[in-house]
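Visitor: Structure in structure tokens, see below.
Derivation of every value follows stated rules applied to the coordinates shown; laboratory data play no part. For clarity, every value in this text was computed on a predicted model and none was experimentally measured. Neighbour counts are summed over all protein chains in view; Cβ atoms, including those assigned to glycine, are modelled from backbone coordinates with ideal geometry.
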Amino acid sequence: MEPLVDTMIEDARWEALGLPALADRAARGVLAELGLPGIGFEISLLGCDDARIATLNADFRGKPQPTNVLSWPSEERAAEEDGRAPDPVVPGEAEMPEELGDIAIAWETCARESGEQTKPVTDHVTHLLVHGVLHLLGYDHVREHDAALMESTEARILAKMGIPNPYE
């Protein structure tokens, strides 16, 4: 089976953690929870360091500091009504998958946060990847009911992977 996530690693620490496998597992978990097939979609992922993500954060959000994860959906998919799930994305063909968008994740911030939260770095990274994939599919946490929907969806997906609810 082809991976759903095309992973580019700029920081070798991600390779040692097994980022490509974590990303594929997270993406498949999201799609399964939303009733979408595990084929016909494509996601691009950049495993980078804090310096690189700080540049991306400055360029795209006007915030010149590192963050844990950034996502860029290929198109706007958010529901208009606060708290309503976005419409499901239609998969493409195997040879022409639907491009969902791009995600970048930063090593130092993720490692620091997992230490501060006393959780395994793989669990924290998996949560952030699930979070990023949900953003690509139109989920968001700006409005109150959207945030509640996104967090409960994340918690269900992570529970099925044996990862505790990160919001408790």
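Visitor: Given points 7 Å out from each Cα along the Cα-Cβ axis, report the Lys63 to Arg13 separation in nanometres with one decimal.
Guide: Computed distance between label sites Lys63 and Arg13 equals 2.0 nm.
Visitor: Determine, from the Cβ-Cβ distance of Trp72 and Glu168 and an R0 of 22 Å, the FRET efficiency 1/(1 + (r/R0)^6), rounded to the nearest 0.05.
Guide: Numbers: r = 29 Å, r/R0 = 1.33.
That gives a FRET efficiency of 0.15.
Visitor: Antiparallel as a % of all DSSP beta bridges within the chain, to the nearest 5? Before the final figure, lay out the partial values.
Guide: On the way: 5 of 18 bridges.
The antiparallel fraction comes to roughly 30 percent.
Visitor: At 222 nm, what helix-only mean residue ellipticity would the chain give, in deg cm²/dmol to the nearest 500, using -39500 (n - 2.57) for each DSSP H run of four or more?
Guide: Values: 6 runs with 76 residues, N = 168.
It lands at -14000 deg cm²/dmol.
Visitor: Give the span of segment 51-127's Cα atoms along each principal axis, as three whole-Å numbers ordered largest to smallest.
Guide: In descending order, the Cα extents are 39, 34, 29 Å.
Visitor: Taking the Cα-to-Cβ direction at Glu108 and at Glu80 and moving 7 Å from each Cα, how far apart do the two end points lie in nm?
Guide: 4.4 nm
Visitor: Based only on Cα atoms, what mean projected area does the convex hull of the chain have, in nm²? It would help to have the intermediate numbers written out before the result.
Guide: On the way: hull surface 38.2 nm².
Taking the Cα atoms of the chain, their convex hull projects to 9.5 nm² on average.
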